[in-house]
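Structure record follows, encoded as structure tokens.
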Amino acid sequence: MRYYVISNDETHQEEWETTLEEQGFDVVEEYDPDAIIITLGGDGTILYATRACSDPTILPVRTGDSKGFKTQLDSDQLVETLDRLESETNEDTYTIREHRKIAAYHDGTQLRGEFTAINEVSVHHSSPTLAAVLTMRIQDGGDYYEFDRIVGDGVLVATPFGSTAYYQSITNGTFSEGLGVAFNNVHTPVETPDYLVLSADAVVEVEMLESEHASSAVLTRDNAEETYELTVGEPIEIRQADESVEILEPLVPDS
């Protein structure tokens, strides 16, 4: 097996690359799609790896006081875990879970070529002090939903992987299948639900509306710094993408 190490601390990353090489593991300096990515940190490091590397297989490792729902393996267990991965080939050694990404599209083309997310894509006003004014249309198989002139802090579309993140902070809930739509502090229409859980094949269309005080909105994805500025009357589709992420989950041996 080959390994590619990612950390938000360059010194820490180099130290672990050296440690693993000294332990006899094959560590590559540049991303190789056949290599397992070892993310050192918390959930944010995982999200960075999903943006930086195409179709990655990730082994999340917690370091220091990093927090996160998706990182269960501590760094002091890493060497022992890799030894087990390389010495055992039976299915009781680890589980690989595949998580499909979502992406935003305009006229059938993915925004900027790769506006994908493993957690969520959200839309909100570009100013934190103003509300966004939006129309949302949802096609979910034979079901159709339309929310005209939503006024609020914004909306987001989440994956099951990301339902423990921003989605949960808005809805106080999670989901395990499909796509989740969360309405963030929507003032009107008053009948707008707090959330919807849709099928995995649902298509969510969001369009910014002209408004005297709220004609500026942006799309964001996961914890990425870059945003996409919406144009009035430019509908954006958010739906499942072709790309996926594999998360490697080592199984703890029976004591």
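All of (1) touching a Phe, Trp or Tyr at 6+ places or on another chain (Cβ under 7 Å); (2) touching a residue at least 12 places away in the same chain (Cβ under 8 Å); (3) not aromatic (Phe, Trp, Tyr) hold for residue 198 with one exception: (1).
Residue selection: residue 35 fails the criterion of being closer than 17 Å to residue 222 by Cβ and not acidic (Asp, Glu).
When restricted to residues that are touching a residue at least 60 places away in the same chain (Cβ under 8 Å) and farther than 22 Å from residue 71 by Cα, the range 137-178 contains 9. Under the condition of being aliphatic (A, V, I, L, M) and assigned to a loop (DSSP other than H, G, I, E, B), which residue from the range 13-72 is farthest from residue 241 (Cα to Cα)? The qualifying residue farthest from residue 241 (Cα to Cα) is 28. Looking at 93, 39, 81, 71, just one residue is farther than 29 Å from residue 227 by Cα and either modelled with pLDDT of 95 or more or in contact with a helix residue (DSSP H, G or I) (Cβ under 7 Å, 6 or more places away or on another chain) (or both), and that residue is 93.
With respect to (1) assigned to a loop (DSSP other than H, G, I, E, B); (2) surrounded by 12 or more Cβ atoms within 10 Å (Cβ to Cβ); (3) within 21 Å of the chain's Cα centre (by Cα); (4) modelled with pLDDT under 95, the lone exception for residue 201 is condition (4). Would you mind stating whether residue 230 is under 22 Å from the mean Cα position of the chain (by Cα), crowded, with 18+ Cβ neighbours inside 10 Å, more than 25 Å from residue 58 (Cα to Cα) and at pLDDT below 95? So residue 230 fits the description; yes.
Within the range 182-193, residues that are in the same structural domain as residue 137 (by TED's automatic domain parsing) and of a type in the set (A, V, I, L, M) reach partners that are surrounded by 12 or more Cβ atoms within 10 Å (Cβ to Cβ) and part of a loop (DSSP other than H, G, I, E, B) with beta carbons closer than 6 Å, at six or more positions or on different chains, in the pairs 186/192.
Screening the candidates 79, 5 for the property of being touching a residue at least 24 places away in the same chain (Cβ under 8 Å) and more than 23 Å from the chain's Cα centre (by Cα) yields one hit, 79. Taken across the range 135-146, residues that are in the same structural domain as residue 221 (by TED's automatic domain parsing), assigned to a helix (DSSP H, G or I) and over 19 Å from residue 241 (Cα atoms) do not occur at all.
The values are calculated or read from the model by the stated rules, or taken from the named source; none is laboratory data. Just so you know, these numbers come straight off a predicted model, no measurement behind them. Quick reminder, even Gly has a Cβ in these numbers, built from the backbone with ideal geometry, and neighbours come from all protein chains shown.
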